[in-house]
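Report on one structure; see the data block that follows.
The values are calculated or read from the model by the stated rules, or taken from the named source; none is laboratory data. Since we're looking at a predicted model, the values are computed, not measured. Glycine gets a Cβ as well: all are built from the backbone with ideal geometry, and neighbour counts include every protein chain shown. Keep in mind that these areas ignore ligands, DNA and RNA; they rest on the heavy atoms of the full protein, side chains included. Shrake-Rupley method; radii C 1.70, N 1.55, O 1.52, S 1.80 Å.
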Amino acid sequence: KFNLVMNMLLTTSAFVFPLITFPYITRVLLPEGNGKIAFANSVINYFSMFAMLGIPTYGIRACAQVRDDKEQMSKTAQEIWMINGIMTLLAYAALAVALICVPRFKAERILLLVCSLSLFLNLIAMGWVYKALECYTYITLRSLAFKVLAVICMFLMVHTKEDYIKYAGITVLANTGYGVFNLFNLRKQDR
C-alpha cells in the first residue's frame with residue numbers, strides 16, 4: 001500500500017511541476033524558445049528510444065525475478081547495463097553524425113548536446129533496478145527533490161528568451177539528474 005501511495009505521488013508530481021513552470025516559461029521564453037526546446041527534446045527522444053531499447057521494461061522484469069539472489073541480481077543488472085551502455089554509445093555516435101550532417105541540428109548543436117545529457121544520465125540512473133527492488137520511497141523522494149531544485153533554478157536563472165539553453169539544462173536536471181545519486185546509492189546497496 002505504501003509503495004502504491006509513493007508511486008501515485010511520483011506520477012502526480014510529473015503533472016504538477018509542469019503546471020507550475022509552464023506559465024512562467026511560456027511568458028519568458030516566448031514561442032520561439034519553447035519551440036526550440038520542444039524540437040531538441042523530440043530529437044533526443046528518438047536517440048533515447050534507440051539507446052534504451054526497451055531496457056526499462058525488460059530490466060524491471062528480469063531483475064524482479066532474481067532480486068532475492070544477490071549474486072544473480074548483480075549479474076543480471078550488469079548484463080542489462082552493458083547492453084544499455086553499448087546502445088547509448090551507438091546513439092551518441094549517431095547523434096554526432098547527425099550534428100555534423102543535418103544543418104538544422106548544426107544550428108542548434110549546443111541545445112541538442114545539453115538535452116543529450118539525458119542519454120548518459122538515464123544510463124547511469126538504472127531506474128529499472130530501483131523499480132525491480134521496489135524502492136519507491138527512494139525513487140519518489142529523489143524525484144521530488146530534483147523537481148523542486150529544478151523549479152528553484154528555473155526562477156533564479158531563466159529571465160530572458162535567450163536563457164532557453166539554461167532552461168533545457170534545468171529540464172534535464174529535473175528529469176534525469178538523479179542518475180548520479182542512483183549510481184552511488186546502488187553501489188552502497190551492493191555492499
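Round to a whole number: what % of the accessible area of the chain belongs to carbon and sulfur, probe 1.4 Å?
70
Dipole size in debye (nearest 20) for the chain around its Cα centre, Lys and Arg Cβ +1, Asp and Glu Cβ -1?
In debye, rounded to 20, the chain gives about 160.
Hey, rough spin-label estimate for residue 159 and residue 86, points 7 angstrom out along Cα→Cβ, what's it come to in nanometres?
Computed distance between label sites residue 159 and residue 86 equals 5.0 nm.
Could you state the accessible area per residue of the chain in Å², with a 1.4 Å probe and every protein chain left in place?
Here the residues of the chain average 57 Å² of exposed surface.
From the gyration tensor of the Cα coordinates in the chain, what semi-axes in whole Å does the equivalent ellipsoid have, largest first, with each one equal to sqrt(5λ)?
So the equivalent ellipsoid measures 31, 22, 12 Å along its semi-axes.
List the aspartates and glutamates whose alpha-carbon lies under 17 Å from that of residue 70, not counting same-chain residues fewer than 8 positions away?
Within the straight-line cut-off, residue 70 pairs with 79, 134, 190.
Per the helix-only calculation at 222 nm, which mean residue ellipticity applies to the chain, given -39500 (n - 2.57) for every DSSP H run of n ≥ 4 and division by its residues, nearest 500 deg cm²/dmol?
-30500 deg cm²/dmol
Quick one: which of 1/147; 131/161; 36/147; 106/147 span more than 26 angstrom between C-alpha atoms?
131/161; 106/147
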